[in-house]
Amino acid sequence: MMGGGFSVRIVCFLILLQFLDSCSALPLCTDSRAPFTPTSPLQFCPYNGTTCCSYTDDLSLKKQFSSMNISNPGCASVLKSILCARCDQFSADLFRVDSGSPREVPVLCNSTASSNSTNFCSQVWTACRNIPILNSPFAVPLQGRAAPPTNSSNSTKLTDIWQSQIDFCNSLGGPSPPSSNDGPQCFNGAPVTLDNTAPPPPPPSGICLEKIANGSYLNMAAHPDGSNRAFFANQQGKIWLGNIPKQGSGEMLELDEASPFLDITDEVHFDTEFGMMGIAFHPKFAENGRFFASFSCDKAKWPDCAGRCACNSDVDCDPSKLPPDNGAQPCQFQSVVAEFTVNGSSSEKGANPSEVRRIFTMGLPFTSHHAGQILFGPRDGHLYFMMGDGGGIGDPYNFAQNKKSLLGKIMRFDIDNIPSPTEVDQLGLWGNYSIPKDNPYKEDKELQKEIWAIGLRNPWRCSFDSSRPSYFLCADVGQDGFEEVNLISKGGNYGWRAYEGARPYFPPQSPGGNTSLRSINPIFPVMGYNHSDVNSNGGSASITGGYFYRSMTDPCLHGRYLFADLYAGAIWAGTENPISSGNFTSSKISFDCADDSPLSCTFTPGSPLPALSYVFSFGEDNEKDVFLLTNSGVYRIVLPSRCNYTCANENESTAVTSPPGPSAPPPPSMATPLRGPYGTFVVVMISFLYGCCFFFFS
């Protein structure tokens with residue numbers, strides 16, 4: 001039997017691992033867009049291949065450098081590298097764009113603790129401290145950091161601005177990450193590189209499930225109060241508030257079907273691809289009681305349903321020329337996002353079924369591909385709305401590539417600043433929301449203001465990584481042969497319908513015109529599978545997106561992205577290697593049901609797999625455990641040993657995740673990633689954690 005010191009060491013190690021996990025980032029540019037390959041090679045900045053700079057950006061940086069008129073070659077060399085850091089694939093991380101404090105220079109590596117990085121900040125000071133620099137980027141104090149001790153408005157030398165190297169590096173520097181893949185990056189004078197030598201971890205031996213409920217739900221949302229409660233919604237239009245049992249308790253989900261939290265079945269149009277498609281609870285729900293539902297409605301049956309048709313003159317589409325689809329007239333069915341609130345001051349009393357306000361209403365040209373999920377961004381607090389291409393084989397009107405259409409897009413709304421009815425009309429909005437100031441239309445004037453990303457066919461289940469919020473993954477349902485997972489970034493074009501996955505796609509008919517492959521710069525999927533991978537006869541397949549697994553219940557799944565096929569024949573685990581690279585491989589993983597499951601699982605004769613029927617969605621609770629919402633019930637991922645799967649770290653993780661005794665205080669939450677500059681707090685925190693580990697390992 002292992003002593004208490006070993007358990008403490010494990011706790012310390014896992015906290016440190018999770019802390020570093022929460023700080024790492026993927027390749028991203030300072031404008032929050034994905035890096036790209038420029039059409040013309042850069043001439044000034046030494047960034048080849050994928051970069052954050054276009055030829056025009058490169059020329060602008062060259063002009064900025066020339067204007068500095070630096071006489072010393074050594075200083076000129078380091079200044080050039082600092083300016084060109086904006087072209088780095090990790091420039092968003094180097095310039096800490098999420099800190100809320102714009103930087104003129106990247107965070108300069110200010111530590112020799114790592115063998116992978118030199119103390120570049122001291123090199124800059126040594127090379128440039130007495131060199132005049134016109135239009136110096138160092139002359140601009142950084143918000144939230146140590147200000148220069150003297151007036152720098154007319155200064156051109158570093159020694160005129162800072163009294164010493166210590167002051168300079170305290171203001172502009174940051175620690176080197178423990179390895180090139182861990183934690184926020186700092187700039188060491190060269191492009192950021194990741195360690196490609198470490199082999200990826202072996203795939204898990206299998207995923208063990210337990211069945212905790214029989215109900216069929218389409219949506220799950222953890223209660224924002226951090227408790228063990230979660231909201232479950234069905235496609236017909238009801239939401240319930242349930243209590244999730246502790247891992248290993250043998251108990252079932254506590255949910256009273258007879259007492260829904262909200263019932264709007266009278267307004268919701270329910271059919272195969274219609275119904276309540278998404279729910280989202282305001283980040284301050286515990287304070288303001290605001291929550292949102294995305295659903296379909298039929299304007300022929302409910303007058304309040306009607307909105308503007310997505311087929312309109314703005315996108316060169318005439319709804320009168322569209323044929324009926326499955327017996328429905330064009331835009332008879334609408335996609336709605338509505339705001340609701342709780343009764344009184346507590347969610348225990350349920351919700352008022354009357355809408356507080358209509359956030360969005362749009363008529364659908366056809367009867368399929370309208371997605372409908374809604375999510376709050378963990379960093380920005382804005383509401384993301386996933387919308388499919390509107391239906392029809394091959395997106396015949398090319399809505400997904402049309403920047404004036406909201407079909408085939410991910411939208412982003414500010415729902416905390418509601419405009420007046422006059423402003424809604426003047427701005428041509430589709431409802432009661434504001435446009436976030438940093439939506440990508442600011443850089444691409446052709447885009448509708450609501451759009452965050454384009455080129456999607458039918459995004460079915462997206463999620464933000466709870467440990468790394470810059471990772472926003474969306475599964476997108478394919479047409480003929482490929483199902484894909486996309487890493488979503490601001491303004492990204494994900495190819496449909498010019499591409500299906502990474503393959504050119506040629507629609508059978510295109511009354512709306514075509515998009516030239518050369519006219520777009522698509523971002524291809526990071527994971528996916530062919531239809532033949534789940535159906536050897538080339539039959540149906542449809543992807544269901546999931547989550548990065550951040551629980552330690554199954555440590556062999558930790559950090560992997562899970563997704564499945566709708567028809568419940570396969571579950572995949574995606575592994576990123578190197579960490580922070582955005583490069584993934586995926587493996588099909590065996591799954592089984594625990595013999596001691598609270599509810600018995602059924603099995604299809606002749607198949608070793610549990611009969612899940614259809615995997616509609618995944619869910620995640622406040623403990624970061626992951627759930628499968630299926631047609632046959634609600635399943636939770638549990639300890640792998642309960643299905644006789646092996647995971648070398650299970651015993652340690654079990655000790656860590658065991659619930660504390662009745663008198664023990666709850667552990668501090670590690671779910672919310674750090675924000676702001678990677679400054680003194682992080683250094684102190686890492687020092688403390690390393691000290692903790694050293695003490696208990698000694």
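The values are calculated or read from the model by the stated rules, or taken from the named source; none is laboratory data. Everything quoted here is computed from the prediction, not taken from an experiment. Cβ: placed from backbone, ideal geometry, glycine included. Neighbour counts: every protein chain shown. The area values use the complete protein model at the heavy-atom level, side chains included, leaving out ligands, DNA and RNA. Shrake-Rupley method; radii C 1.70, N 1.55, O 1.52, S 1.80 Å.
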(request) Describe numerically, in nm with one decimal, the distance between label points set 7 Å from Cα along Cα→Cβ at ASP195 and at ARG308. (result) 5.3 nm
(request) For the pairs LYS445/LYS624; LYS299/LYS624; LYS284/LYS403; LYS62/LYS490, note any where the Cα-Cα span goes beyond 29 Å. (result) LYS445/LYS624; LYS299/LYS624; LYS284/LYS403
(message) Kirkwood hydrodynamic radius, computed over distinct alpha-carbon pairs, for region 597-640: how many Å, to one decimal?
(response) 11.4 Å
(request) Using only C-alpha positions, report the orientation-averaged shadow area of the convex hull of region 292-443, nm², one decimal. (result) 10.6 nm²
(request) Express in nm, to one decimal, how much length is gained between ASN228 and LEU609 on full extension, taking 0.36 nm for each residue of separation and deducting their alpha carbon distance. (result) 134.3 nm
(request) Please give the solvent-accessible surface of ARG86 in Å², to the nearest 10, using a probe radius of 1.4 Å with every protein chain present. (result) 80 Å²
(message) Using only the alpha carbons of region 441-580, what is the convex hull's orientation-averaged projected area in square nanometres?
(response) 10.2 nm²
(message) I need to check one value: relative contact order of region 237-367, counting alpha carbon pairs closer than 8 Å and at least 6 residues apart, in percent.
(response) 23 percent
(message) Given an 8 Å cut-off on Cα distances and at least 6 residues of separation, report the relative contact order of region 387-466 as a percent.
(response) 37 percent
(request) Return, for the Cα atoms of region 507-629, the radius of gyration and Dmax in Å, separated by a comma. (result) 17.7, 57
(message) How far apart, in nanometres, would the label points at GLU423 and ALA258 be if each is projected 7 angstrom from Cα along the Cα-to-Cβ direction?
(response) 4.7 nm
(message) Taking a ≥ b ≥ c as the square roots of the Cα gyration tensor eigenvalues, with a/c under 1.5 meaning rounded and otherwise prolate when a/b beats b/c, else oblate, which class fits region 177-260?
(response) prolate
(request) At q = 0.10, 0.17, 0.19 Å⁻¹, what is the base-10 log of I(q)/I(0) for region 357-471 according to the Debye formula with one equal point scatterer per Cα and no solvent? Please give it to two decimals. (result) -0.29, -0.86, -1.06
(request) Order the peptides 420-432, 29-41 from the highest to the lowest mean number of other Cβ atoms within 10 Å of their residues. (result) 29-41, 420-432
(message) Taking the solvent-accessible surface of protein heavy atoms with a 1.4 Å probe, what is the per residue accessible area of region 501-619 in Å²?
(response) 43 Å²
(request) Quick one: grab the alpha carbon gyration tensor of region 463-543, order the square roots of its eigenvalues as a ≥ b ≥ c, and give me rounded if a/c is under 1.5, else prolate or oblate depending on whether a/b is larger than b/c. (result) oblate
(message) Between THR272 and LYS301, what is the label-point separation in nm under the 7 Å Cα-to-beta-carbon projection?
(response) 1.8 nm
(message) If DNA, RNA and ligands are ignored and the probe is 1.4 Å, what is the ranking of LEU487, LEU108 by accessible area, most exposed first?
(response) LEU487, LEU108
(request) Determine the share of region 189-318's accessible area contributed by carbon and sulfur atoms, expressed in whole percent, with a 1.4 angstrom probe. (result) 48 percent
(request) Starting from the Cα of LYS63, draw a straight line to each of the lysines and keep only those under 21 Å, dropping any in the same chain fewer than 8 residues away. (result) LYS80, LYS157
